[in-house]
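Presented below is the structure to which this report refers.
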Amino acid sequence: MQIDLTAFTHIANSLSKHFDSLYYVEIDTGKYIEFIRPKLVPEWDIPKEGDSFFFKASKNACKFVHPDDLQNVFKFLDKAAVLRNLAKNDTCSLTCRLVIDGKVVYVRHVNIMCEDRKHVLCCMENIDEEVRQKSEQERNLQSAEQMARRDELTGIKNKNAFAEYSQAIDGTINSGAHDFKFAVLVCDMNDLKVINDTRGHSFGDEALQRTSRMICDAFKHSPVFRIGGDEFAAVLTDYDYELRDELLAQLREESEKNGRTRSGPQVASGLAAYDPSLDSSFDDVFGRADGEMYKNKKLMKSLKSAEGGKKFNGSESPITEERKRKLDSLFGALYTIAGGGYVFLNDMRYDYSRWSLPLVNDFGIKSEYMYHADKVWDNYIHPDDEKKYKEVVAAALHENSEFIPMCYRARKTDGTYVPLTTRAFILNDADGNPDYFGGIIVPQ
């Protein structure tokens, strides 16, 4: 092959900064000359010049090219394919992976048609760093995009993702798609403010996380979003759409059980299915679901109020002898465990309490037995602590929270106020309903 070696040496030196290998190949005969020896592959098995370049390159590729990329490399190095590709464009390329000493390295094969249309430059470029940087950038971008659509506290999709999802559904509705079926679930966790104010934001955050898990567990096949502080939504399709009423009933049943046993959050919920005769947009469906949720919340509050009157405001009839004996028995056990001091126990069915004599004597309470003891004790709480005290009690008795130690001041017989800490508990009956409320009051 006759070439101007001086000119090509200059060209090769320039290209060596860019390419890892370079061959000058005569297309018809396959004769070639090597100008840049591959640096990536020390055991490269192609002589510096000779003939049948494309055959030798394909044979050599078997030693280094990743198995999953080998067929593509064979096609790229096929002489007919080279001519076909270069007829459309004077340059063509293929990215593949080499396996060198057990490590994967990305390279780009480049074929460049020479001006005489009889020769081609066959080059290989090391692009491993470029590919990995691009992959890292893409991963970072995807991660950032995911973070922008994910609620940090619960890990589910956030309000931004919900807005994008609803816009996509509006697009489908506006396209006039037939047989498009979906439903919207709207949920609201009850009493988040009370929990935050009485138990702290960390407990409120945990309650929100548990609410998120409740909804996700009930509607396993649907995207669930946190769209506000205590508000959640899900868009139901396919399996969850077909079983939407059954799944909603399960969610409400779990919520009711949580309220009854004080074992988890209570969640108001509402559901609406897309109806083309009623709804012209996603917001129409959401609005109807939101209305159903508020109906459910109102019902839950009315039931809670009725249960509260039954459980906490006293029975129409006085406590039975059997219940009084049980109260005394439990009180004796509690007093023994406490080692004396200030102890109380309330029968919640009859709102009838027994208080320890030290507590009765030190604070001037009329009797160790009494109905409606909460109203009696309220009169002893320092005015500045009364609001906080009542919020904590309400959270424990009415807002399905566990009782926590609370500090406040109470007035003794001599008129002085002393700081106290109450550690209280609730005992449930066999059906999981609150039965006794008791605790130990410790002077500070």
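The values are calculated or read from the model by the stated rules, or taken from the named source; none is laboratory data. Bear in mind the structure is a predicted one, so any value in this text is a computation, not a measurement. With ideal geometry, Cβ positions are generated from the backbone for all residues, glycine too; neighbour counts draw on all protein chains shown. Side chains are part of the model used for accessible areas, which takes the heavy atoms of the whole protein and leaves out ligands, DNA and RNA. Shrake-Rupley method; radii C 1.70, N 1.55, O 1.52, S 1.80 Å.
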Problem set entry | log10 of Debye I(q)/I(0), alpha-carbon scatterers only, for the chain at 0.10 Å⁻¹ | -0.84
Exercise. So how exposed is ARG409, as accessible area in Å² (1.4 Å probe, rounded to 10)?
Worked result: 80
For this session: Would you mind pulling out the separation of the Cα centroids of segment 81-111 and segment 179-253, in Å?
Result: 52
Exercise. To the nearest 10 square angstrom, what accessible area does ILE337 show with a 1.4 Å probe?
Worked result: 140
Seminar exercise, completed: Judged on accessible area alone, 1.4 Å probe, highest first, TYR352, TYR239, TYR417 line up as TYR239, TYR417, TYR352
Exercise. By how many nm would the segment from ARG213 to GLU130 grow when fully extended, if each residue of separation counts as 0.36 nm and the alpha-carbon distance is taken off?
Worked result: 25.7 nm
For this session: Return the carbon/sulfur percentage of the accessible area of the chain, one whole number, probe 1.4 Å, all protein chains in place.
Result: 50
Exercise. So if R0 is 51 Å, what FRET efficiency would SER302 and ASP101 give, r being the distance between their Cβ atoms, rounded to the nearest 0.05?
Worked result: 0.10
Exercise. Measuring from label point to label point, each 7 Å out along Cα→Cβ, what is the ALA394 to GLU138 span in nm?
Worked result: 5.6
Seminar exercise, completed: Counting only protein heavy atoms and leaving out ligands, DNA and RNA, the solvent-accessible surface of CYS216 at a 1.4 Å probe, in Å² to the nearest 10, equals 40
For this session: Rounded to the nearest 500, what is the 222 nm mean residue ellipticity of the chain from helices alone, with -39500 (n - 2.57) per DSSP H run of 4+ residues and division by all residues?
Result: -14500 deg cm²/dmol
For this session: Scan segment 219-286 for GluC sites (Glu not before Pro) in coil per DSSP, keeping those whose Cβ has at most 13 other Cβ atoms within 10 Å, and list them by number.
Result: none
Seminar exercise, completed: Nearest-0.05 FRET efficiency for TYR369 and CYS407 at R0 = 22 Å, using Cβ-Cβ distance, is 0.20
Exercise. Per residue, how much accessible area does the chain have with a 1.4 Å probe, in Å²?
Worked result: 54
Exercise. Label-point separation (nm) for ASP51 and VAL376, each offset 7 Å from Cα along Cα-to-Cβ?
Worked result: 11.6
